Every structure is written in C-alpha cells, then in structure tokens.
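The values are calculated or read from the model by the stated rules, or taken from the named source; none is laboratory data. These numbers were taken from a predicted model, which means no experiment stands behind them. Here the Cβ positions follow ideal geometry from the backbone for every residue, glycine too, while neighbour counts run over all protein chains shown. Surface areas here come from the heavy atoms of the whole protein model, side chains and all, with no ligands, DNA or RNA. Shrake-Rupley method; radii C 1.70, N 1.55, O 1.52, S 1.80 Å.
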Amino acid sequence: MWGLPCPPHYYGGGALLPHLFTLTPPILARTVKTSRIPPEWAGRYIFCGTFRRVRLSEETRAPPGRYPAHCSAEFGLSSPSILVKFQTPVPPFLAAFARHGIFTVCRPFALFQGWVEPHQNGRGDRPVRLLTESLYGMSIARLVNIGGAAFLGTSIRLVSYKYSESSASLPGKDRTMSIRLGAFLIASLIFSPSVLSQQHERGDLKFEPFSLVTFDGQSHPAELGRLAVPENRRQSSNRLITIAFVRLKSTAQQPAAPIVFLAGGPGIPGAVMARVPVYYDLFDQLRQVADVILLDQRGSGMSSPNLDDCPAQGQFPLDAFTTRQRLVNALAGATQHCADYWLSRGVDLTAYNTEESADDVDDLRQALGAGRVSLLGHSYGTELALAMIRRHGGSVERAVLSGTEGPGDHGTTPNVFDLQLKKIARLVADDATMGQDVPDAAALFHQDLQKLQKQPAKITITRQSTKTPVELAVGDVALRFVVEQMLADGRAIVSLPALLKSIGAGDYSLLEQRIGALYNGFDGHSGLMGRTMNCSAPTPPARLVQTKSEAESSAFGDVIRVDMQPEICKAAVGDFVLDTDYFAPLYSTVPTLFLSGALDANCPPMKADRMRWGFPSSLHLVIDNGFHETLPAEKVQAVAVDFFRGRDVGERYISFAPPHFLSVEEAKKAAGGRR
C-alpha cells in the first residue's frame, strides 16, 4: 500500500520533482492522520486513479449579514471509485468581509479551478496530471512541508468517505467539486505558475458553465472562460499565466462587438463587481447589444496567479494610524512580505502592469475571434482602457469611461480635496437635518485634527482575523485618511458631518467603525496587485512637485496616495517603471463617452477633459451631484447602453439629488456603531 503510487517520469519530465511521489511512509502517515484522511485512500488512490473532470459548483448561500460556519467540498475519483466530502471552518477574516457585504465567503476563496487529465502508460496504469488554471486561497490552510513538497489540508474535517473498485457509483459523466475554503491532500508544487506554463500553450482558451450569483441571492447562467497569456511579453521567457473572465451571452440576433468591462481598484475583479445587483442590471441591459465580458484582470480574482493571495504576515501594527510615516512603514512591510512570497515562486512582479494587461485584452479579443471589442471602464479601469486604445486602437469599436484616470494620473492634488471639503460643507449647511448642528463642516474638520494631533484617541476594535479586541492609537493622520476617502464616496459622504460632530464631542464610536474597517482591510489584504499596477506607472514628477507644494498648506497634508510612496513601490516592483511612451499625449478617433461626477474628488471632471482633448470623436457627460461611482444609476446606465447601440446621447443631461446627511444617531444606526 505504501509503495510508489505512480512512477514520477509519467508526470511530464522535470516539471514535478521525483521526490513528490516517493514520500516515506511514516511522514505521509502522520500527515494523513493530521488531515483525518483514510490512510488507505491517501496512500494510493490520490495519485493513481482516473479523475472525472471537475469544476466549481454552486456556492452555499448565507442570509444577509451572516456567514456559514463551514464550507463544504466534494472530491470525486473513479477507477477505483472514491467520493469524499470535506468540511472546513470559515476563517474569521473572511467572515468580516461577508458581514460588510463584499461577498459571501465560500466561492471567492476556492482553492483551485481546473481539471485532471488521465494519462495511459504501457502497463495499463492510469496516473494523472493536474492542469491548474487558477489558484487562490492558499493562505487559508496551513502548509505542512514534507521533503520539499507542501501538502494542504490540515484544516480539513472528513465528513464522509465512500470507496468502490467500480466507477459505476460515481453519478454522471462529470463529478462536481466545490472547494470552498478547504483543501485536500495534493502537493502545492503542482499548483506553481511554472508548471502551469509548461502545461498550456499561448492562446489556449477554455470555457465551462458558470452560475453568477448576485448578492441578492439570484443565480444567472453564464460562462467562465480562461485564457493562457504570456506573463511578460517584453522578455523571451515562455512562462504563461491565465486570465479569467465571465461571459454573459448576448440576447441580440446580431450582436455588436463584445463589451469588455474593466473594473477599478486596481485589483477589483470584474466578476465580483457583477455580483452587485445594480451592476448586474447594467450588464444585463448591455447583453441586448453584445456579449458582455467581465474580466478579472491579471493578478486578480480568478486569474492565476492572484497576487493578493499571500500567507498572513502577522498582525498589522497597532500604531500604524498615529503618524503618516508609521502608516507608510506598515504598508511597505505588508507589500514586501507579499512580494517576497511571489518572487520566491518565480513570479515576475514587473509584468503585472497596465500595458501587459492591455495586451491581455487584445489577446482575449483575438481568442474570441472578434474583429473588435468595445470597452467599459471605471476608475482605474479607464486607465487600462486608454492603454488598450493607445496600443490596439484599431481593435476598439467604442468606449465608455466612467471616472476617468489618465496614464499615471493617480490620485488628486491636496487643493482638490480642500475645495471638495468646502463644497460639501456648503451642502451640509443647507441640509435640513444637519445644517444647524454643523454650520461649517470644514472648520469642524480643522478642530478635530487639532484635537487628535494634541492627544491621539484610544479606540478598541475587533481584529477580524482572530475575533479578539485590540486597542489602536489614532492620530490626526487617520482622520485625514478617512475623510479623504469619504469625500469621493457618495454612500459614505452622508455620514461625514455626524463623524466630525461626534469626534468634537469626544465620542469616537463612528471613527472607531471607520478605522476598524481600514485596519482589518490592511490586516488581511496586501493589495499587491494594485501596487504593481500603480507603481509601474507612477505619478509624473511635475505632479509630485505640485502635490508636495500644496500639501504644506492643505488640511489633508500629504496623506493623499500614501500607498504609492517610494518605499512601498520599491517593495512592489523595485525600480521598474513603464517607458515614457505610456505617459505621452494620446490621440484617438475611437468614439468615446466620458462620464464624470461633478463631486468626484478622486477623478474630477478635469481629468476627463485632459484626455478628451485628444479624442475628437468624444462626448463628456458630467453628472450633477454625482460622486465617483455613477454607473449604478438607472439614467447613467441608459446613456451607456444607448451609446453602445450607436445612438446620439449628446443632448443628455443627468442630475442627482443632493446628498441627505444623517444625524449622529442615524449614522450610528446605519454603521451598526455603538455609543
């Protein structure tokens, strides 16, 4: 039973190390015992059976505001027939994301998606070779290193186990496997990107049925596609990675060019955005025009590798929010930890830049057999769309760019946020609820800054990764950072006057909620993909000089784009930056609709105007009272759909209602805060 399950040379040369399958019985037995997998199964059949094709199945749903205590997994193997069911606990930090409505916990952190191919040899044995197409979530299960091969599975609990010499007991042609958060006893070496590159060829495109489940619990039929692309086209390496996307097939009799959605961040997967019901409504309307492609850009989501999937580095510093430099140091440390993890696995982090991602979009266009594609970009997605137009403009039919960010045009100068604060302060003064309580929100912000500068606040939050309370020291830099984020967010802005008023009264409960979300986000998320993208296209030197000059007199100081400071970028991509051509003025005749919110402090309308100067076939629609995110609005969606249909939208005008600001009590109730 403990003999060599499958001779190593049946697994494709040197891609898999020989010792992977020649483990000594005591070590393997100890691992099997830890994982509670039957020794007779793990000792032989995990490597020498004939796998059915496997894929992710429908995820377990949980009521709003709650999350499942466990996620389940099924693993099917035939010849001999084995059906094993696992159950694994939900890590606390994922539960935090679930409570905040970001996603339900089981599907996004699936261990892998792919399939297994049987390979016949001369003796009649049928060893298997795993062709991995995506790997994310490895930090969830503790790794057990055994003789150079790392086994996943120490957190797995066996639920049931069935064994038969016949394959008849496995129903259907395909076994369905829903790896939720757990893992099973397969060597992680098989999952390495280098192995992936040897098993695929450039341009390999595969589809499988996919159920897109939106956050309202509705299930929508779709297709999950994966495309093999070069990791770094600038080098001669033949190393490949995969980009994943969800395709919503068009309902039109004669579909137009496929519409590719490019989400912002960078690092937000397009498939995740589609799970937000209002965004799915937009994509569903666009299906009347063409196929809709929801792209998980390289390094994110279901694409492999997912750069944000790094092992936990330890606790995020508790004093990170006391000074700007401590926050920078903490972010640099987290970035370096994650970068080291991927560099040790042979990943070229400099290849995760916007130009390579733009070339991915064109490779996808070619693989789909489309002469052209149309582009729908939001925030950073507009920078990616502009790179696609620059590099492959002849392949772009039309483009809608919402919240435009030009090449290297990251963030906004401090004066923009100072002026935004004054505009919001006037809206607050005119508000029926908060006008009398907060007649001058800008002045109150200055007072709160001075208060925290003299005496940092002590607040207690729950660290979601451990479910334990931790005490944080919060200085003025934290308030600057929080308010800067709120000023561009149409959902958060309604609580701003309540936040400022409560701090002035010595009540830190609303600040506690904001800082808690920030801390847990940094504590469990490296953001490496976003940093490689942004840092490889840094802000132009002239803009940096302007920012530094304005920071000296700004209420926000120099906290804007604190995540792109030199020490952080050095950790992410070293000294790599894209060539100067990337930043050159762009001229294009591609019909383009620019959408801007008049109150968008992240990507104010002037950013779109700077790009539009080189787009003679363009329109710019500025939404009155709109913030950074305008695409969820029905009227904005109607304009975008009509533009993709080729209709004239030049006379359209859209105005949102001014924000209604919440009282302190209403803000606490909305945030779930406590007095």
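Looking at T466, T382, T460, T413, can you tell me which residue is of a type in the set (S, T, N, Q), under 30 Å from V494 (Cβ atoms) and open to solvent by 30 Å² or more (accessible area, probe 1.4 Å)? Even if it seems obvious, please write down each step before you answer.
Numbers: T466 fails: under 30 Å from V494 (Cβ atoms); T382 fails: open to solvent by 30 Å² or more (accessible area, probe 1.4 Å); T413 fails: open to solvent by 30 Å² or more (accessible area, probe 1.4 Å).
After applying the criteria, what remains is T460.
Can you find, within segment 482-494, the residue that is farthest from A457 (Cα to Cα) among those that are touching a Leu at 6+ places or on another chain (Cβ under 9 Å) and open to solvent by 20 Å² or more (accessible area, probe 1.4 Å)?
Looking at residues that are touching a Leu at 6+ places or on another chain (Cβ under 9 Å) and open to solvent by 20 Å² or more (accessible area, probe 1.4 Å), I get G490.
Answer yes or no: is there a residue in segment 629-640 that is among the basic types (K, R), open to solvent by less than 40 Å² (accessible area, probe 1.4 Å) and at pLDDT 95 or above. Explain how you work it out, then say what you get.
The first filter runs over segment 629-640 and keeps only residues among the basic types (K, R), leaving 635.
So of that shortlist, the ones also open to solvent by less than 40 Å² (accessible area, probe 1.4 Å) come out as none.
Among the residues of segment 629-640, not one is among the basic types (K, R), open to solvent by less than 40 Å² (accessible area, probe 1.4 Å) and at pLDDT 95 or above, which makes the answer no.
Please determine, by comparing only the residues of segment 641-675 that are open to solvent by 50 Å² or more (accessible area, probe 1.4 Å) and of a type in the set (K, R), which one is nearest to A488 (Cα to Cα).
So, considering only residues that are open to solvent by 50 Å² or more (accessible area, probe 1.4 Å) and of a type in the set (K, R), the one nearest to A488 (Cα to Cα) is K669.
How many residues does segment 270-300 hold that are farther than 19 Å from E355 by Cα and not β-branched (V, I, T)?
Going through segment 270-300 one residue at a time, the tally reaches 17.
Here is a list of conditions, (1) farther than 26 Å from N329 by Cα; (2) among the polar types (S, T, N, Q); (3) in contact with a strand residue (DSSP E or B) (Cβ under 8 Å, 6 or more places away or on another chain), and S495 meets all of them except one; can you say which number that is?
Of everything listed in (1) farther than 26 Å from N329 by Cα; (2) among the polar types (S, T, N, Q); (3) in contact with a strand residue (DSSP E or B) (Cβ under 8 Å, 6 or more places away or on another chain), S495 misses just condition (3).
Given the conditions (1) surrounded by fewer than 20 Cβ atoms within 10 Å (Cβ to Cβ); (2) farther than 20 Å from L472 by Cα, and given that F522 satisfies all but one, which numbered condition is not satisfied?
The failed condition is (2).
Can you work out which of the residues in segment 354-375 that are out of contact with any helix residue (DSSP H, G or I) (no Cβ under 7 Å at 6 or more places or on another chain) and not in a helix (DSSP H, G or I) is surrounded by the most Cβ atoms within 10 Å (Cβ to Cβ)?
My answer is A370.
Quick test of your reading of the structure: V278 fulfils all but one of (1) β-branched (V, I, T); (2) open to solvent by 50 Å² or more (accessible area, probe 1.4 Å); (3) assigned to a loop (DSSP other than H, G, I, E, B). Name the failing condition by number.
Result: V278 passes all but (3).
If we keep just the residues of segment 229-264 that are assigned to a loop (DSSP other than H, G, I, E, B) and among the hydroxyl-bearing types (S, T, Y), which is most open to solvent (accessible area, probe 1.4 Å)?
Pass one, segment 229-264, residues assigned to a loop (DSSP other than H, G, I, E, B): 231-239, 249-258, 263-264.
Filter again for among the hydroxyl-bearing types (S, T, Y), leaving 236-237, 250-251.
Values: S236: 123, S237: 61, S250: 26, T251: 86 Å².
Of everything passing the filter in segment 229-264, S236 is most open to solvent (accessible area, probe 1.4 Å).
Look at A351 and say whether it is of a type in the set (A, V, I, L, M, F, W, C), farther than 25 Å from P604 by Cβ and open to solvent by 10 Å² or more (accessible area, probe 1.4 Å). Lay out the reasoning, then the answer.
Details: of a type in the set (A, V, I, L, M, F, W, C): yes; farther than 25 Å from P604 by Cβ: yes; open to solvent by 10 Å² or more (accessible area, probe 1.4 Å): no.
The answer is no for A351.
Please go through segment 544-560 and give me each residue that is surrounded by fewer than 16 Cβ atoms within 10 Å (Cβ to Cβ) and either under 26 Å from A263 (Cβ atoms) or of a type in the set (D, E) (or both), ordered by number.
Matches in segment 544-560: E552 only.
Given the criteria under 18 Å from V361 (Cα atoms) and either open to solvent by less than 30 Å² (accessible area, probe 1.4 Å) or modelled with pLDDT under 95 (or both), does R226 qualify?
Numbers: under 18 Å from V361 (Cα atoms): yes; either open to solvent by less than 30 Å² (accessible area, probe 1.4 Å) or modelled with pLDDT under 95 (or both): yes.
The answer is yes for R226.
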